[in-house]
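The structure appears right after this line, and notes come after that.
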Amino acid sequence: AKAELDPGDANDNPLSFVNWSEALAAAALDAQAKSRRKFAIMAFLRFCKEGRRPASITLIKGYLEDLRTQGKLVAETREALLWWVAGARRGASAVQGESSSPSRKGKFFTGEAGKQEWRSVAGEAEFRSGAPRERVSDRSMPSAGAEGLDGPEWEQALVKAARVAGLMWRTEQTYRGWARRFVAFMHPRGPRLAEKADVKAFLEELAVKLRVGASTQKQALNALVFFLQEGLHIHLGDFSDFKRAAPGRRVPTVLTRDEVRRLCAALSGTSRLMAELAYGSGLRVMELLRLRVMDVDLDRMQVTVRAGKGGKDRPTVLPRSLVGPIKAHVERLRGLWEKDRDAGVPGVWLPEGLERKYQGAGEQWVWQWMFPSRELSVDPQSGVRRRHHVLDGAFQKAIKRVGEEAGIDKRVTPHVLRHSFATHLLESGTDIRTVQDLLGHESVETTQIYTHVMQKPGLGVRSPLDGG
């Protein structure tokens, strides 16, 4: 069926084309045309994902209009999206013709039946029905090593440079995201023609038009300098003269000890243990979720964070009050692990190098996640169905919800527990260098921010309103 961008009253119907990449690879087009079409479709799907909106005819028309407003060429993008819409409609027609038999389980489809849920799988914006389905693993984990090496030539160069430099997976993903935005900004010129003036214009647009913060602009600068200098070998020189976003000083949100107790008391089971460990050990949310059985040493009262921020390991304190709950939790985990082994479930995810060096290590007890998901997940890249750790979004939502229910008039997130850990240690007289080591801060200046929110800063200063 020929796709049009004005289908009458069907403008807002959500569209999904799950296997568009495979269909494009089989299309009767030359390699260069396929590459351009793939890039255009991926750019649109990223636009959908970032805006948390389903793909639809209306959204496509608005997207194309935005490109025109920015003075960018839209003919190729329009042609690519027409092809994508035609494929989405063919897929929708096929699904609507199916019965509600079990074979329909897990399929993507359009329409209003059931509760629709916004999902992003392998970077593609899609709708899933409320029918039973497989859960999808956290995209924060690296996938097969070839992932990212089949994109445009400039992206392949960036991926190779990032992996040679040993960048963390999330850093690589962030840098690739900024590179895509810069390439779109440069269009129709390619990134290999980029000059210092282009980068300055991009960074200044972030500050002036988009009003991003100083940290976001700095992240974009770091990403683009790495992309151009290390990936494309374009040396840009000094960037001291471009318009920087106004820096701001943010005071962290900190809970009182009573608020922490109320928050934890409102939780139960594993969620409570996770919150107490996050607060009691000062862990970032991903450090907490990525803990493995071997990382919690009950004899030495120590938690070891592996590959934390900056790719660094560090030890931190384990609260004595959690020894009993953790022992009981680990015993339950052992039963789950034995059940997975009996069922032949593949081992947990390991970094690629370790997985190659220690084959089968993912099935060993010591490598199991400390906080595994209740259900098995499908890796969107490798297709391996295994047990992943709890997803960060689920934990963050639970903390936010319970914070509201506990009547805490502050924005409560898992990271607030880490802020509270540092502040309460300083208030109790712990040396700031010790707190710095426990938090894993590179500089003590980062830790000093907590001295500004201590209950009695300085030498116990009293407000003049209190008299004296």
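The values are calculated or read from the model by the stated rules, or taken from the named source; none is laboratory data. All figures in this text were calculated on a predicted structure; none of them were measured in a lab. Every residue, glycine as well, gets a Cβ built from its backbone with ideal geometry; the counts of neighbours run over all protein chains shown. In case anyone asks, the SASA skips ligands and DNA or RNA and just uses the protein heavy atoms, side chains included. Shrake-Rupley method; radii C 1.70, N 1.55, O 1.52, S 1.80 Å.
Candidates are the residues of the range 440-453 that are free of Cβ contacts under 8 Å to residues at least 40 places away in the same chain and surrounded by 14 or more Cβ atoms within 10 Å (Cβ to Cβ); the one that is nearest to residue 312 (Cα to Cα) is 441. Take the conditions (1) at pLDDT 85 or above; (2) in a helix (DSSP H, G or I); (3) of a type outside the set (A, V, I, L, M); residue 170 misses just one of them, which is (1). Of everything listed in (1) assigned to a helix (DSSP H, G or I); (2) closer than 30 Å to residue 364 by Cα; (3) touching a residue at least 40 places away in the same chain (Cβ under 8 Å), the single unmet condition for residue 393 is (3). Note on the range 207-227: residues that are open to solvent by less than 20 Å² (accessible area, probe 1.4 Å) and aromatic (Phe, Trp, Tyr) total 1.
Selection of the range 228-238 for residues being part of a helix (DSSP H, G or I), touching a residue at least 24 places away in the same chain (Cβ under 8 Å) and open to solvent by less than 60 Å² (accessible area, probe 1.4 Å) yields 228, 231. Cβ separations smaller than 9 Å between residues 6+ apart or across chains give the following pairs from the range 363-378 residues that are over 17 Å from residue 329 (Cβ atoms) and free of Cβ contacts under 8 Å to residues at least 24 places away in the same chain to residues that are among the aromatic types (Phe, Trp, Tyr) and part of a helix (DSSP H, G or I): 363/337. Just so you know, in the range 369-423 the residues that are open to solvent by less than 20 Å² (accessible area, probe 1.4 Å) and among the polar types (S, T, N, Q) include one that is farthest from residue 337 (Cα to Cα), and it is 423. Note on the range 185-195: residues that are assigned to a helix (DSSP H, G or I) and either at pLDDT below 85 or open to solvent by 40 Å² or more (accessible area, probe 1.4 Å) (or both) amount to 3. For residue 198, indicate whether it is modelled with pLDDT of 90 or more, farther than 30 Å from residue 332 by Cα and acidic (Asp, Glu). Spelling it out, residue 198 is indeed modelled with pLDDT of 90 or more, farther than 30 Å from residue 332 by Cα and acidic (Asp, Glu).
Looking at the structure I just gave you, is residue 263 under 20 Å from residue 372 (Cα atoms) and in contact (Cβ under 8 Å) with a residue 12 or more places away in the chain? It is false that residue 263 is under 20 Å from residue 372 (Cα atoms) and in contact (Cβ under 8 Å) with a residue 12 or more places away in the chain. Scanning the range 297-334 for residues that are in contact (Cβ under 8 Å) with a residue 60 or more places away in the chain, within 21 Å of residue 348 (Cβ to Cβ) and either open to solvent by less than 20 Å² (accessible area, probe 1.4 Å) or in contact with a Pro (Cβ under 7 Å, 6 or more places away or on another chain) (or both) gives 305, 308. Selection within the range 266-284: residues that are open to solvent by 30 Å² or more (accessible area, probe 1.4 Å) and in contact (Cβ under 8 Å) with a residue 60 or more places away in the chain. The member of this set that is nearest to residue 325 (Cα to Cα) is 270.
Scanning the range 44-65 for residues that are out of contact with any Asp or Glu (no Cβ under 7 Å at 6 or more places or on another chain) and open to solvent by less than 10 Å² (accessible area, probe 1.4 Å) yields 44, 48, 55, 57, 60, 64. The set of residues in the range 208-219 that are in contact with a helix residue (DSSP H, G or I) (Cβ under 6 Å, 6 or more places away or on another chain) and outside any loop (DSSP other than H, G, I, E, B) contains only 217. Taking the conditions (1) under 30 Å from residue 390 (Cα atoms); (2) open to solvent by 30 Å² or more (accessible area, probe 1.4 Å); (3) at pLDDT below 95; (4) not charged (D, E, K, R) in turn, residue 247 satisfies each one other than (1).
In the set (1) touching a residue at least 12 places away in the same chain (Cβ under 8 Å); (2) open to solvent by 40 Å² or more (accessible area, probe 1.4 Å), residue 350 fails one condition alone, (2).
Here's the yes/no breakdown for (1) on the phi < 0 side of the Ramachandran plot; (2) surrounded by fewer than 16 Cβ atoms within 10 Å (Cβ to Cβ); (3) of a type outside the set (Val, Ile, Thr); (4) at pLDDT 85 or above:
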| site | (1), (2), (3), (4) |
| --- | --- |
| 4 | yes, yes, yes, no |
| 7 | yes, yes, yes, no |
| 15 | yes, no, yes, no |
| 83 | yes, no, yes, yes |
| 94 | yes, yes, yes, no |
| 102 | yes, yes, yes, no |
| 109 | yes, no, yes, no |
